[in-house]
Amino acid sequence: MNPFHPLDVILRKRDGHPLSDDQIQGFVRAVVDRTPDRPLITDAQIAAFLMAVFWRGLDTRELATLTSAMRSSGDVFDAASLNTFTVDKHSTGGVGDKTSLLIAPILAAAGLENPGPDGVPGICVPMISGRSLGHTGGTLDKLETIPGFNTQLNLDELAATLKRCGAALIGQTPRIVPADRTLYALRDHTGTVESPFLITASIMSKKLAESLKALVLDVKVGSGAFMPTYEASRQLADLLVKTGVISGTRTVALLTRMDEPLGRFSGNWVEVWECVDILRGIRHPMSHDLIELSNIMAGWMLHLAGRASTAEEGARLSDRILSSGKAYQAWLGIAAAQGGDVRVFDDPAARHKPAARRVLMAESSGYLASMNCKQVGWAVQRLGAGRARPGDPVSAHAGIESHAKLGQPVEQGQPLFTLFSEDASLLDEPEQMLRETLQISSTMPRIQPLIRETIPSA
Ligand code: URA
């Protein structure tokens, strides 16, 4: 193999030339193999490379090679011995987006009903999730409000839980995709987070480290989305799907509406409570969009796993699994296997104990017309549910309850949101942020469909 010269790689990309597979693999190896004694590449050189990619982009081969090199930079979950169909979902992040807590048990229930010859569920969901950051929530923070629930399983424990329960929901270990840890931290400091190529490599390297046969992506569009425009979200969806397919994973992306919080609650324990209600057959009207999106995503996963001839049939099967209580039984199994005290699910409302709450009323009558959903997400964060910096603690009980959805008629004085916090002094700013952004109009607004586009569409 030729010696690796970081500057050659930077100059080639800076000048708009494609990089060879060797150059990309050498770059990623240098990022993870460097030590103070062996400075194979400096932070300045990594930053320069990131900026060159930001401006010049990557072609499909370069992106697939970067993703695969990042995936292989640490431990990879080896699902081969389980002899099952591994499938997962990923969302680019939203407000009140708790679909993972419904989809994992729905798929687990489908897998438990159809075990393979050696007794392993026929479908397994090795779900590696993240924490809340910025205006979006994180699955791990929600799960960790369940007493005893351990999200820090190692890969052997992940395999054991999948064998028994068909799904496990865990956090990234320091050994999974270590290259992303270094690259992401430098992207954050160099204004290169928003590159769709770097985002794709970051997301897909972590998902593909789960050894997936299929992946369904929820790429948000709208005022609460990570990407600023529909076109940017679409480009990202396209890159994610292409990268998944090249790696041999059946991959579908849904572009979905994120113009308002998904479901009834946004926060941490309150989101677990909402999902437990749904799993137990209680369908609050404010949870309608959450249930619909979860069934559509799970429907695609069931279809890709061969359990339904179309995604639509899969969505109907998903809803039947949910209504039958089988998903709830699967959820109890997963939570117990991960150390969770499942008695808290008997009465989840009783566990919600915010020290302070405030109701925000409609200031006029009309239709709830619009809100900046990112601002709503920041209000949830300021109530204590999210974190300002990585590593900050989050409150279990902070959050908001939505009492109306976009397009709905509202009367002056009707509650629109209830705010919860563990500290009464944290209520004023979020209340003001919500007041500023909520628009009520006298005419019926045009509301986008929940699913804007599916890629690939067939
Ligand atoms: N999520 C990730 O995991 N990586 C990114 O770069 C952006 C969102």
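None of the figures in this text is laboratory data; all of them are computed from the coordinates on show. The structure displayed is predicted, hence computed values, not measured ones. Don't worry about glycine lacking a Cβ; one is built from the backbone with ideal geometry, like all the others, and counts go over all protein chains shown.
Tabulated data for the structure shown
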{"item": "Full-extension gain in nm, ASN114 to ARG175, via 0.36 nm per residue minus C-alpha separation", "result": "18.7 nm"}
{"item": "Whole-angstrom gap from region 142-173 to region 1-29, using each part's C-alpha centre", "result": "38"}
{"item": "Computed P(r) (all Cα pairs; the chain; 10 Å bins; percent)", "result": "4, 21, 30, 26, 14, 4, 0, 0"}
{"item": "Size-normalised alpha-carbon gyration radius of region 6-71, reference 2.2 N^0.38 Å", "result": "1.05"}
{"item": "Computed [θ] at 222 nm, deg cm²/dmol, the chain (DSSP H ≥ 4; -39,500 (n - 2.57); rounded to nearest 500)", "result": "-13000 deg cm²/dmol"}
{"item": "For region 356-441, the Rg and Dmax computed from alpha carbons only, in angstrom", "result": "13.1, 42"}
{"item": "Per-residue ³J(HN,Hα) for region 43-51, Karplus 6.51 cos²θ - 1.76 cosθ + 1.60, θ = phi - 60°, Hz, x for Gly and Pro", "result": "4, 4, 6, 4, 4, 5, 4, 4, 5"}
{"item": "The chain, relative contact order in percent, only Cα pairs under 8 angstrom and at least six apart counted", "result": "18"}
{"item": "Distant-in-sequence amide H partners of PHE85 (H built 1.01 Å from N, under 5 Å)", "result": "ILE123, CYS124"}
{"item": "Vicinal HN-Hα couplings computed from phi for region 306-313 (Karplus, 6.51 cos²θ - 1.76 cosθ + 1.60; Hz; Gly/Pro x)", "result": "x, 8, 8, 6, 9, 5, 5, 4"}
{"item": "Length gained when the stretch ASP15-SER309 is fully extended (0.36 nm per residue, less Cα-Cα span)", "result": "101.1 nm"}
{"item": "Links that overshoot a 30 Å alpha carbon limit, given the list LYS98/LYS213; LYS326/LYS374; LYS213/LYS353; LYS206/LYS353; LYS13/LYS374; LYS163/LYS220", "result": "LYS326/LYS374; LYS213/LYS353; LYS206/LYS353; LYS13/LYS374; LYS163/LYS220"}
{"item": "Computed label-point distance, nm, for sites HIS284 and SER425 using a 7 Å Cα→Cβ extension", "result": "2.9"}
{"item": "Amide proton proximity set for LEU416, modelled H, under 5 Å, gap of 5+", "result": "LEU360, MET361, ALA362"}
{"item": "Principal-axis tilt of helix 178-190 within the chain, Cα atoms, nearest 10 degrees", "result": "70"}
{"item": "Nearest-0.05 FRET efficiency for ASP238 and THR35, computed from C-beta distance (R0 45 Å)", "result": "0.75"}
{"item": "Table column - 3J(HN,Hα) (Hz), region 394-402, Karplus curve with 6.51, -1.76, 1.60, x for Gly and Pro", "result": "10, 7, 6, 9, 6, x, 9, 10, 8"}
